[in-house]
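Notes follow once the structure below has been shown.
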Amino acid sequence: MASIKDVAAAAGVSVATVSRVLNSHPSVSPDARTRVLAAVESLGYRPNAVARSLRTAQTRTLGLVISDVLNPYFTELARSVEEEARALGYSVIIGNADERPDLQDHHVQNLLDRRIDGLLVSPTDGGSPLMLAAARAGTPMVFVDRWIPGVDVPVVRSDGSGAIRDLVAHLHRLGHRRLAIIAGPAATTTGSERVAAFREALARYAIELPDAYIGQGDFQADSGRRVTEGFLDLAEPPEVVFAADNLMALGALDAIRARGLRVPDDIALAAFDDIPWFVHTAPPVTAIAQPTKDLGRAAVRALIDRIEGRSPQSVTLPAHLVVRESCGESPRPSHTDSLSHTNDPSHPSHPRHPRTPTERSTR
């Protein structure tokens with residue numbers, strides 16, 4: 001097993017410098033910090049519990065690196081994290097990665113330099129040497145929403161697979177058979193997981209998911225617009241577009257309206273990640289909602305457990321389907337718009353036979 005002396009030799013620095021890096025001391029130069037973290041990663045070095053316990057000076061500050069501050073889901077998550085941390089006597093410094101791995105690592109490095117007590121991260125991908133090294137060096141860390149497979153860090157996330165099954169069952173009852181998805185980045189766990197869950201749910205009804213009905217997005221509105229335009233150009237467009245996040249759904253809605261088409265008369269739309277705006281669109285959007293506030297609170301509690309030397313378990317909370325009107329459902333009074341499962345008899349659905357391309361309105 002590698003020792004701290006081995007790390008120092010590989011990085012070409014002193015043992016004291018390695019110790020300062022592992023304890024997030026601000027006096028270390030960026031170059032030395034990079035070399036030490038690279039050596040920690042390559043050697044697989046793990047500081048022992050006694051060495052970690054020597055770090056007694058706390059700042060009562062947490063770092064939070066979120067994937068996109070403009071995404072309402074992450075905005076609500078950040079607010080929940082800040083509220084829970086404040087209630088427990090901690091401050092939070094937030095960094096916005098803007099779905100860019102390089103910007104993510106920039107914020108992670110800056111937060112470590114500020115000697116934060118712990119770090120919450122929603123990774124933009126799974127290949128960050130800096131984050132891997134920080135986790136393996138013993139930095140108190142929790143992944144929230146997304147995670148890096150194989151890294152021994154608690155994960156606080158929601159499970160959308162059941163809600164996706166509910167959505168597909170709901171669409172099937174409405175008569176839809178040609179279903180397409182705007183996928184998130186395959187490098188993110190949420191991007192790949194939602195496509196797999198969608199494909200599995202379709203298979204339960206012997207519905208195929210052809211390659212032409214899988215559009216690669218990036219959790220940004222522009223990609224939702226671009227992918228949807230491609231769907232609409234197909235000789236046999238899908239009857240439903242399922243966007244794997246809310247911003248891509250808004251981009252899809254823009255593309256549909258730009259063609260003079262109507263939701264749901266000409267094409268249906270559903271989204272992952274419910275947001276308050278979806279109630280006010282015309283029609284209101286059927287969506288999968290995550291327990292965002294609960295996720296933020298659970299993530300903070302897990303991180304503080306890590307900071308205080310406990311070993312928190314990962315937390316997985318279920319997402320759920322919110323049925324509205326964007327997939328051909330019967331309109332209902334706004335005061336009954338509530339969280340529901342598709343098998344709730346109080347929310348009847350009326351099957352609508354799939355239209356052929358020639359039957360689609362061009363208004």
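Structure values in brief
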| quantity | calculated |
| --- | --- |
| Failed item, numbered, when LEU253 is tested on (1) among the aliphatic types (A, V, I, L, M); (2) open to solvent by 30 Å² or more (accessible area, probe 1.4 Å); (3) closer than 18 Å to ARG225 by Cα | (2) |
| Region 204-228 residues that are in contact (Cβ under 8 Å) with a residue 12 or more places away in the chain, paired with ones that are surrounded by 20 or more Cβ atoms within 10 Å (Cβ to Cβ) and of a type in the set (Ser, Thr, Tyr) (beta carbon under 9 Å, 6 or more apart) | GLY215/SER223; GLY215/THR228; GLN216/SER223; GLY217/SER223; PHE219/SER67; PHE219/THR188; PHE219/THR190 |
| Members of region 240-266 found to be out of contact with any strand residue (DSSP E or B) (no Cβ under 6 Å at 6 or more places or on another chain) and closer than 20 Å to ALA169 by Cβ, listed by number | PRO264 |
| Hits in region 214-226 - residues which are open to solvent by 10 Å² or more (accessible area, probe 1.4 Å) and either in a helix (DSSP H, G or I) or among the charged types (D, E, K, R) (or both) | ASP218, ALA221, ASP222, ARG225, ARG226 |
| Subset of region 180-198 (residues that are closer than 13 Å to PRO210 by Cα, in a helix (DSSP H, G or I) and open to solvent by less than 10 Å² (accessible area, probe 1.4 Å)) | PHE198 |
| Members of region 57-78 found to be open to solvent by 10 Å² or more (accessible area, probe 1.4 Å) and either among the polar types (S, T, N, Q) or not in a helix (DSSP H, G or I) (or both), listed by number | ALA57, GLN58, THR59, ARG60, THR61, VAL69, LEU70, THR75 |
| Residue count for region 257-305, restricted to those that are without any contact (Cβ under 8 Å) to a residue 12 or more places away in the chain and surrounded by 16 or more Cβ atoms within 10 Å (Cβ to Cβ) | 1 |
| Those residues of region 108-128 which are of a type outside the set (Gly, Ala, Ser) and open to solvent by 40 Å² or more (accessible area, probe 1.4 Å), in sequence order | ASN110, ASP113, ARG114, ARG115 |
| Search result, residues across region 93-126 that are of a type in the set (Val, Ile, Thr), over 23 Å from LEU22 (Cβ atoms) and modelled with pLDDT of 90 or more | ILE94 |
| Residue identified as part of a helix (DSSP H, G or I) and modelled with pLDDT under 80 among ALA38, ALA51, ALA32, ALA9 | ALA51 |
| Residue within region 199-213 that is on the phi < 0 side of the Ramachandran plot, hydroxyl-bearing (Ser, Thr, Tyr) and open to solvent by less than 10 Å² (accessible area, probe 1.4 Å) present | no |
| Extreme residue, nearest to the chain's Cα centre (by Cα), among residues of region 282-294 that are within 18 Å of ILE256 (Cα to Cα) and modelled with pLDDT of 95 or more | ALA287 |
| Filter result (basic (Lys, Arg) and without any contact (Cβ under 8 Å) to a residue 24 or more places away in the chain) within region 71-96 | ARG86 |
| Residues that are touching a strand residue (DSSP E or B) at 6+ places or on another chain (Cβ under 8 Å) and under 22 Å from LEU174 (Cα atoms), drawn from region 196-236 | PHE198, LEU202, ILE207, LEU209, TYR213, ILE214, THR228, PHE231 |
| Which listed residue, of ILE304, ILE288, is closer than 28 Å to ILE94 by Cβ, in a helix (DSSP H, G or I) and not acidic (Asp, Glu) | ILE304 |
| Options PRO264, PRO312; residue that is within 30 Å of GLU83 (Cβ to Cβ) and in a loop (DSSP other than H, G, I, E, B) | PRO312 |
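Residue by residue, here is whether (1) at pLDDT 95 or above; (2) more than 24 Å from SER330 (Cα to Cα); (3) in contact with a Lys or Arg (Cβ under 9 Å, 6 or more places away or on another chain); (4) not small (Gly, Ala, Ser) holds:
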site	(1), (2), (3), (4)
LEU179	yes, no, no, yes
ALA183	yes, yes, yes, no
ARG199	yes, yes, no, yes
GLU229	yes, yes, yes, yes
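The values are calculated or read from the model by the stated rules, or taken from the named source; none is laboratory data. Fair warning: this is a prediction, and the values are worked out from it, not measured in the lab. All Cβ positions, glycine included, derive from the backbone under ideal geometry; neighbour counts span all protein chains shown. We work out accessible area using only protein heavy atoms, side chains counted, and drop any ligands, DNA or RNA first. Shrake-Rupley method; radii C 1.70, N 1.55, O 1.52, S 1.80 Å.
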